[in-house]
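J.: Structure below; questions to follow.
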Amino acid sequence: MSTRQERRRQERLAKKKGKLFDKDGNELETRQWATGIGKERTYEMKIEMIQPWSVPVFKTTLPPDVLQTMIEISDHVIADKDAKSHGGNLAGQIEKELLVEHKMLEETGVMGFFMGAVRQFVIMCKCQQMPDRVDDIQREEWLTQMLTMWIISQQPGEYNPMHIHTQCTISSVMYLKVPKMLPSKKEHRPGDDGSITFISNAARDVDFSNPNITYSPAVGDFYMFGAQQQHRVYPYRCEEGDPERRSISFNAVFQSKSDHDRGEKANIPQGVIKPGDSKPT
């Protein structure tokens with residue numbers, strides 16, 4: 001049997017199961033539902049999922065050069081005996097939480113990367129919220145400003161309780177070092193130890209949404225989320241090797257240039273974002 005004959009045979013079998021194909025033999029997206037008289041018909045339809053109330057979490061992987069730069073920056077800050085602690089402003093039950101000066105980010109060129117990522121996050125969220133204004137949103141210039149960045153040098157047994165971030169609109173976390181952790185003591189909860197959990201702020205409809213989502217971080221993982229997004233970080237246990245789990249977080253704000261030019265205040269108490277604050281030196 002030739003390849004063409006075999007493909008046609010497979011198409012005939014698939015059609016019996018309700019699948020459709022175009023003239024080139026490519027499978028079309030289809031959905032089936034009952035007609036009410038005990039039979040089923042197959043319809044070719046374009047289906048759109050609208051999620052205007054979902055709480056977004058942006059997840060990507062840091063490019064290798066950015067990851068390496070952030071590791072080097074964190075090594076330098078941790079080794080600096082005069083590094084400033086940021087722990088007094090944070091919820092974490094973690095001993096070593098150190099500030100990263102903006103100058104280090106600007107000198108190494110990574111400030112532009114992070115502010116570009118913030119802009120992408122803003123645009124994606126706004127397009128989801130207002131699908132009828134996608135063109136306007138994409139044409140808009142979005143001003144962004146990093147407020148504070150800090151290193152979290154976490155050790156076994158340390159943790160971050162459920163919390164939000166204040167005085168900002170966007171928060172983030174990136175993972176630079178992840179130790180080899182002992183497995184969970186509970187087989188039915190294998191992913192808890194050392195994980196980060198995001199807790200939904202939206203209405204809880206258990207049939208169509210998940211109120212919590214948990215990730216086990218890997219080196220290079222980079223998350224951004226709304227500052228009001230509740231989240232927590234579980235403790236972990238180690239038996240061998242370097243026990244440190246190192247991450248970096250920053251808080252940021254944004255404003256459309258249109259709002260800025262009208263003299264409107266950004267959505268933070270500090271006031272208007274200045275033109276140029278969004279651009280690296």
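J.: What number goes with the only condition from (1) surrounded by 12 or more Cβ atoms within 10 Å (Cβ to Cβ); (2) touching a strand residue (DSSP E or B) at 6+ places or on another chain (Cβ under 8 Å); (3) modelled with pLDDT under 70; (4) not in a loop (DSSP other than H, G, I, E, B) that GLY18 does not pass?
T.: Checking GLY18 against (1) surrounded by 12 or more Cβ atoms within 10 Å (Cβ to Cβ); (2) touching a strand residue (DSSP E or B) at 6+ places or on another chain (Cβ under 8 Å); (3) modelled with pLDDT under 70; (4) not in a loop (DSSP other than H, G, I, E, B), the one that fails is (4).
J.: Next question, about the same structure. For the stretch 124-170, which positions are in a helix (DSSP H, G or I) and closer than 25 Å to ILE199 by Cβ? Give the derivation first.
T.: Within the stretch 124-170, the first condition is being in a helix (DSSP H, G or I), and the residues that meet it are 124-129, 131-139.
Result: MET124, CYS125, LYS126, CYS127, GLN128, GLN129.
J.: Would you list the strands (runs of 3 or more DSSP E) that sit entirely within the stretch 24-79 and hold 1 or more residues that are at pLDDT 65 or above, aliphatic (A, V, I, L, M) and surrounded by 13 or more Cβ atoms within 10 Å (Cβ to Cβ)? Break it down into steps so the answer makes sense when it comes.
T.: Numbers: elements: 30-34, 40-44, 57-61.
It comes to 57-61.
J.: List the number of the failed condition for LYS185; all other conditions in (1) surrounded by 12 or more Cβ atoms within 10 Å (Cβ to Cβ); (2) under 16 Å from TYR234 (Cα atoms) hold.
T.: Against the list (1) surrounded by 12 or more Cβ atoms within 10 Å (Cβ to Cβ); (2) under 16 Å from TYR234 (Cα atoms), LYS185 comes up short only on (1).
J.: Residues that are crowded, with 16+ Cβ neighbours inside 10 Å, of a type in the set (Lys, Arg), in contact with a His (Cβ under 8 Å, 6 or more places away or on another chain) and closer than 21 Å to PHE58 by Cα: does the stretch 242-251 have at least one? Lay out the reasoning, then the answer.
T.: Looking only at the stretch 242-251, we keep the residues that are crowded, with 16+ Cβ neighbours inside 10 Å, and these are 243-251.
This time we only want the ones that are of a type in the set (Lys, Arg), so: 245-246.
From what is left, the residues that are in contact with a His (Cβ under 8 Å, 6 or more places away or on another chain) are none.
The answer is no, given that none of the residues of the stretch 242-251 is crowded, with 16+ Cβ neighbours inside 10 Å, of a type in the set (Lys, Arg), in contact with a His (Cβ under 8 Å, 6 or more places away or on another chain) and closer than 21 Å to PHE58 by Cα.
J.: Condition first: over 26 Å from the mean Cα position of the chain (by Cα) and closer than 30 Å to PRO179 by Cα. Now tell me which residues in the stretch 236-265 satisfy that.
T.: Matches in the stretch 236-265: CYS238, GLU239, GLU240, GLY241, ASP242.
J.: Across the stretch 188-202, which residue is surrounded by the most Cβ atoms within 10 Å (Cβ to Cβ) among those that are free of Cβ contacts under 8 Å to residues at least 40 places away in the same chain and assigned to a loop (DSSP other than H, G, I, E, B)? Steps first, please.
T.: Taking the stretch 188-202 as the starting set, the residues that turn out to be free of Cβ contacts under 8 Å to residues at least 40 places away in the same chain are 188-191, 195-197, 199.
Cutting the leftovers down to assigned to a loop (DSSP other than H, G, I, E, B) gives us 188-191, 195.
Values: HIS188: 5, ARG189: 11, PRO190: 12, GLY191: 12, SER195: 18.
If we take residues in the stretch 188-202 being free of Cβ contacts under 8 Å to residues at least 40 places away in the same chain and assigned to a loop (DSSP other than H, G, I, E, B), then SER195 is surrounded by the most Cβ atoms within 10 Å (Cβ to Cβ).
J.: Turning to a different aspect of this structure: Take the stretch 88-124 and flag every residue that is over 30 Å from TYR236 (Cβ atoms) and either under 20 Å from the mean Cα position of the chain (by Cα) or buried (at least 18 other Cβ atoms within 10 Å of the Cβ) (or both).
T.: The answer is MET111, GLY112, MET115, GLY116, ARG119, GLN120, VAL122, ILE123, MET124.
J.: Starting from the stretch 246-263, take each residue that is over 27 Å from ILE73 (Cβ atoms) and list its partners that are among the acidic types (Asp, Glu) and modelled with pLDDT under 95, counting only C-beta distances under 6 angstrom and pairs at least six apart or across chains.
T.: What qualifies is SER256/GLU140; LYS257/GLU141.
The values are calculated or read from the model by the stated rules, or taken from the named source; none is laboratory data. It should be emphasised that the depicted structure is a prediction, and the values quoted were computed from it without experimental measurement. Because the Cβ atoms are built from the backbone with ideal geometry, glycine has one as well, and the counts that use them run over all protein chains shown.
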